[in-house]
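Read through the structure below, which is laid out as structure tokens, and then see the notes.
The values are calculated or read from the model by the stated rules, or taken from the named source; none is laboratory data. Note that the structure is a prediction, hence the values are computed from the model and not measured. In this analysis, Cβ positions are derived from the backbone assuming ideal geometry, glycine residues included, and neighbour counts consider all displayed protein chains. Please note that ligands, DNA and RNA were not included when accessible areas were found on the heavy atoms of the full protein model with its side chains. Shrake-Rupley method; radii C 1.70, N 1.55, O 1.52, S 1.80 Å.
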Amino acid sequence: MQIADSVIKILELEKNLLPFRENLRGSLGEGILNSLKPCENFEQLKKRQALLREWLDMTDRSGEFIFNASLEAVSPMFGQAKRSGILSGEELLKVRSVLIAARHIREDGAEVCKDYKNLDELRREIRDFCPEIDALNVIGDYGRISDSASPKLFNIRAEIESLKKSGRRVAQKLFEDPEIINMLQEKSLSWRDGRFLFLVRQEFINRFPGLAVERSASGNSVYMEPKALSHVNNNLIIKTKDERDEERLILLELTRKILTRENAIISAERVIGTFDLLCACDFLIREKKWIVPELTRENFFRLAGARHPMLKDKAVPIDASCGEKFKTLVITGSNTGGKTVTLKTAGVLIIIAWLGLPLPARDGTVIGNFDSIFVDIGDEQSIEQNLSTFSSHLKKIIYILKHATSESLILLDELGAGTDPHEGAALGVAVLESLKDKGCITLATTHHNPVKQYALTTPGVETASMEFDIEKLQPTYRLLMGVPGRSSALLIAKRYGMPEDVLKRAQGSLDSRELTAEDIMSELNERKAALESQEQEFKNTLKEAQDLKRTYQSRVAEIDYQRDKIMKAADIKAEKFIAKAEETSKDIIRSMEEAARDAARKGYTVKQRELKTLKSIIDSRHKKRTEREIQNSPKPFEPSPGVTAMVAGSGIVGVINEIKNGRAYMTAGAMSVDVPVSQLIATDKKAKIATPLVDTSKLPKVESVPPSIMVRGMLVAEAMPLVESYLDRAYRSNHSVVTVIHGRGEGILRREVHALCSRLHYVKSFRLGGEGEGGFGVTIVDFK
């Protein structure tokens with residue numbers, strides 16, 4: 001999609017992206033958002049949106065992916081570094097933070113991203129930075145180079161420390177001299193500009209054995225270097241210079257290594273920033289109820305419950321569409337009624353969708369395939385260019401007519417304004433007709449009745465209006481599709497306090513035919529509003545009925561399930577009782593005398609017939625339960641070898657081995673089952689697998705406890721029992737280190753976790769997470 005910078009400026013895209021910017025965690029994400037451009041083609045848009053959908057699915061399945069996004073971009077430093085050849089310790093520390101975060105995404109993200117093609121491709125763009133991270137580990141806190149950076153630096157600093165100790169010993173001897181002590185402002189050794197100095201009172205400057213260096217801030221004393229410390233200070237200055245020279249050589253070498261990976265680091269920054277932007281999108285979708293719009297290759301759009309991003313919660317949702325049944329939509333209505341906002345909402349949301357980002361709208365929103373957007377909104381008079389309001393509009397419209405295509409979206413505000421109403425209206429109709437002939441999707445606002453009448457009578461052109469509350473004399477900002485609206489200029493003038501006599505004169509001078517048309521439009525608006533209100537009530541009633549139907553069906557299914565469950569248990573118990581009774585009867589008959597045996601056999605035969613009748617009833621109930629379960633199976637099922645299936649009415653789940661002559665041969669755990677194919681139904685349950693018994697004492701211990709627990713967002717009463725149980729299980733599972741993810745918040749949950757860790761005898765130590773580990777949002781626990 002091609003969009004001119006002037007269109008971006010008119011639609012105030014940068015301000016409309018503020019909801020995303022507010023939820024970014026670092027400058028890398030902000031850099032990605034600032035550099036984001038509308039997709040060049042539909043395939044690129046689909047891929048960009050697929051990445052967002054994969055992120056949402058990943059977080060649904062695996063939870064929030066924690067990574068350090070609160071980072072400063074380091075690539076802007078590289079330009080100056082290439083000129084000077086050196087990065088400071090503080091700058092290299094920032095580079096290391098970025099590389100550690102990148103390594104975390106590359107390594108820890110491999111498992112969670114492996115099932116998502118686009119996410120995994122993005123993750124794989126991060127290269128291996130382990131050598132650079134190891135090299136930068138010599139940079140300590142605040143960017144200071146550690147002693148271990150080089151043997152020479154280690155020796156120099158050792159010599160400096162030895163000289164400082166020597167200086168302190170000399171100073172201590174001087175402090176023991178009463179004459180010297182009497183001259184000092186305070187009994188302390190000062191360290192200024194790499195030298196040991198004494199603070200000497202003003203009146204003893206000429207008597208103190210040493211050289212004056214500088215006056216104190218108060219002016220009452222002077223910093224002086226004792227002669228006894230001159231040798232130590234001179235050596236300190238020399239060694240300090242040696243230290244700076246060696247540090248510079250180390251920084252030069254580290255900078256050289258970093259600059260050789262410039263492109264890889266820039267790519268890593270882009271991935272981290274993209275992950276940060278995906279997190280911001282995730283928040284807006286889950287917390288603010290934004291949606292990922294449906295895409296279509298066709299040239300149309302449909303907005304459902306769309307809200308202008310800059311208006312946030314104050315926005316009145318609108319439903320608007322254009323391009324499916326008609327190519328041109330003419331929006332009319334009162335001044336200050338929301339016509340321009342509607343145009344801008346459509347334009348902004350379509351651009352944001354083509355950025356691959358979610359929208360403040362409802363499900364049912366569809367964004368189509370557009371190659372460009374042209375806009376004529378606002379009054380851009382120019383004294384320098386001698387452009388009036390009308391000239392400014394003309395210049396833009398001429399440009400649009402010249403460059404628009406059949407796949408362009410055109411937004412025209414106040415069409416035909418700024419000149420004679422009759423001529424302006426005629427020109428407006430001609431412009432709309434030309435754009436319709438080109439096949440453009442056009443949204444236009446107007447106050448001219450001839451343009452409204454054109455929209456009402458021309459095929460392929462639809463009209464809409466902004467609703468106006470006649471009783472309250474104020475707009476509702478709702479868009480009514482299919483009905484033209486009144487300008488309501490006199491009513492708005494009355495609301496703003498226009499004198500009554502002026503309003504009466506204006507009313508009397510209106511052309512009678514135009515007045516009649518306006519009245520018809522007003523009546524249509526009122527009827528449309530009433531119909532929409534009734535339609536909404538009907539939809540609400542229908543929804544309630546559908547909800548009740550689903551609840552009823554669910555409850556009936558639950559009752560049937562419970563009834564079948566009870567009857568099945570009773571039937572099984574009855575079958576066992578019958579079998580036992582039959583066996584007992586046979587044993588009794590066998591033990592009887594011959595005469596009594598014949599009589600007993602007759603009685604047994606009678607009872608056996610009764611038991612058979614009872615068995616048939618049980619079998620019949622079982623058959624009905626099986627048939628009902630087959631009928632209520634939620635999804636169609638085509639049995640084939642290797643597929644998992646359930647035997648209806650039995651609860652047996654197994655894997656089909658073979659299907660032969662209408663029967664399925666299955667394995668269910670240790671059992672082999674042979675059932676008719678018609679009794680198999682689909683199931684989400686997993687079949688049990690029979691495994692041979694093994695000597696478990698010879699098997700290695702299996703880790704069954706995860707390396708971290710997530711309790712972020714829970715109350716203390718909910719979280720702490722889970723954390724204590726988890727730590728106990730993790731310790732018994734031979735974990736050496738685990739992570740408790742409690743979030744930042746106000747620190748209440750973090751303090752409780754730390755208090756628990758301090759009480760547990762098997763906890764060796766615990767600390768907050770470092771860079772790339774989650775920071776203050778996690779606690780790292782080491783076990784004994």
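Numerical summary
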| item | result |
| --- | --- |
| Computed label-point distance, nm, for sites residue 560 and residue 12 using a 7 Å Cα→Cβ extension | 5.7 nm |
| Extension gain, residue 433 back to residue 399 (0.36 nm per residue minus Cα-Cα distance, nm) | 10.6 nm |
| Linear extension gain, residue 544 paired with residue 121, 0.36 nm per residue minus alpha-carbon span | 147.8 nm |
| Theoretical gain in end-to-end length, residue 146 to residue 214 [0.36 nm per residue, Cα-Cα removed] | 21.3 nm |
| At R0 = 25 Å, FRET efficiency that the Cβ-Cβ distance of residue 5 and residue 64 yields, to 0.05 | 0.10 |
| Sequence-separation-based contact order of segment 1-132, relative, with Cα cut under 8 Å and 6+ spacing, percent | 25 percent |
| Size of electric dipole in segment 319-367: Cβ of Lys, Arg +1 and of Asp, Glu -1, about Cα centre, debye, nearest 20 | 160 debye |
| Under the Karplus curve 6.51 cos²θ - 1.76 cosθ + 1.60, θ = phi - 60°, whole-Hz ³J(HN,Hα) for segment 223-235, x wherever Gly or Pro sits | 7, 10, 9, x, 4, 5, 9, 4, 5, 4, 5, 5, 5 |
| Shape call, segment 235-376: gyration tensor on alpha carbons, a/c limit 1.5 | prolate |
| Percent carbon-and-sulfur accessible area, segment 302-344, ignoring ligands, DNA and RNA, probe 1.4 Å | 53 percent |
| Exceeding the 22 Å Cα-Cα cut-off - candidates 46/327; 15/94; 164/239; 573/612; 314/339; 164/241 | 46/327; 15/94 |
| Label-point separation in nm, residue 297 to residue 667, each point 7 Å along Cα→Cβ | 4.5 nm |
| Prolate/oblate/rounded call for segment 102-244, Cα gyration tensor, a/c under 1.5 rounded | prolate |
| Prolate/oblate/rounded call for segment 290-371, Cα gyration tensor, a/c under 1.5 rounded | oblate |
